[in-house]
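I have placed the structure first, in the form of structure tokens, so that the comments after it can refer back to it.
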Amino acid sequence: MVLLITWTLTTAPIFFSNIYVHHSATAYYYSPSDISGIRGMKCERIRSTPSWYGHHRRDCAFVTQDSEKPGFKGMSVIRVMLFFSFTYNRKEYPCALVHWFDQYGAHPDSRTGMWVVKPDIWGRRRKPYLTVIHLEALDRGAHLLPKFGSRPVPDDFHYAYSLDCFKYFYVNKYIDYHANEIIF
């Protein structure tokens, strides 16, 4: 579950420490109904790197916001913009700068059975809503599919920019068995 703490510049703690940037994190989770892996244990790498085969790569992940709500109703999707860590009072804090996605609609899409999300933006200039979260808040990687419109995608369009260019995305619950279980 994500605990949101709001600080202003005057109330934020002051620390003098190095900030280390990381380009990936590993998510471990238990999927007892999936027979592959070691007794249901799974691991996957979530990446946020400025150069992946010549383009940036900013993966998405699930974050549980309300464990009382079933499935995706209690979850959100985020896009990891940066992994970093720092030490404060001799304790290391692994964190991620994330861009949030909002659920679009109260139910999954009737044709596909998948939830629809859109990037969370604010203000007149439509800036991405970014926050810092602890890495323990990440559940596992998420796979988003663009919701294409009626116009064709240009031939020279590169897939690395999909999350930047489309307005709505399907949350792919068919990517693997565990995703289908937790999103339903």
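The values are calculated or read from the model by the stated rules, or taken from the named source; none is laboratory data. In this text the structure is predicted, and so the values were computed from the model without any measurement. Here the Cβ positions follow ideal geometry from the backbone for every residue, glycine too, while neighbour counts run over all protein chains shown. Just so you know, the surface numbers come from the protein's heavy atoms only, side chains and all, with ligands and any DNA or RNA stripped out. Shrake-Rupley method; radii C 1.70, N 1.55, O 1.52, S 1.80 Å.
General remarks:
- Relative contact order of the chain, defined on C-alpha pairs under 8 angstrom at six or more residues apart (%): 20 percent
- Rolling a 1.4 Å probe over the protein heavy atoms of the chain, with every protein chain left in place, gives an accessible area that is 55 percent carbon and sulfur.
- Packing rank of 168-175, 148-155, where each peptide gets the mean count of other beta carbons within 10 Å, highest leading: 168-175, 148-155
- Distant-in-sequence amide contacts of Ala142, defined by a placed amide H-H separation under 5 Å and a gap of 5 or more residues or a different chain, comprise Cys60, Ala61, Phe62.
- Gain upon complete extension [Lys118, Phe84; 0.36 nm per residue less C-alpha separation]: 9.7 nm
- Taking every protein chain into account, the accessible area of the chain amounts to 68 square angstrom per residue (probe 1.4 Å).
- Part-to-part distance (alpha-carbon centres) for region 42-109 and region 114-154, which is given in Å: 10 Å
- Under the Karplus curve 6.51 cos²θ - 1.76 cosθ + 1.60, θ = phi - 60°, whole-Hz ³J(HN,Hα) for region 151-161, x wherever Gly or Pro sits: 8, x, 7, x, 4, 8, 5, 9, 4, 4, 9
- Distance between the modelled labels on Trp52 and Leu130, one decimal in nanometres: 1.8 nm (7 Å Cα→Cβ projection).
- Straight-distance crosslink candidates among lysines, where the alpha carbon sits under 19 Å from Lys118 and sequence neighbours closer than 8 are dropped: Lys73, Lys127, Lys147, Lys167, Lys173
- Within the chain, helix-based [θ] at 222 nm, where runs of 4 or more DSSP H residues each add -39,500 (n - 2.57), nearest 500: -1500 deg cm²/dmol
- Calculated Rg/Rh (Cα atoms, Kirkwood Rh) (choose from [x] 0.95; [y] 1.08; [z] 0.97), label: [z]
- Sequence of Cys165, Cys95 from largest to smallest accessible area, 1.4 Å probe: Cys165, Cys95
- Linear extension gain, Thr26 paired with Tyr177, 0.36 nm per residue minus alpha-carbon span: 52.5 nm
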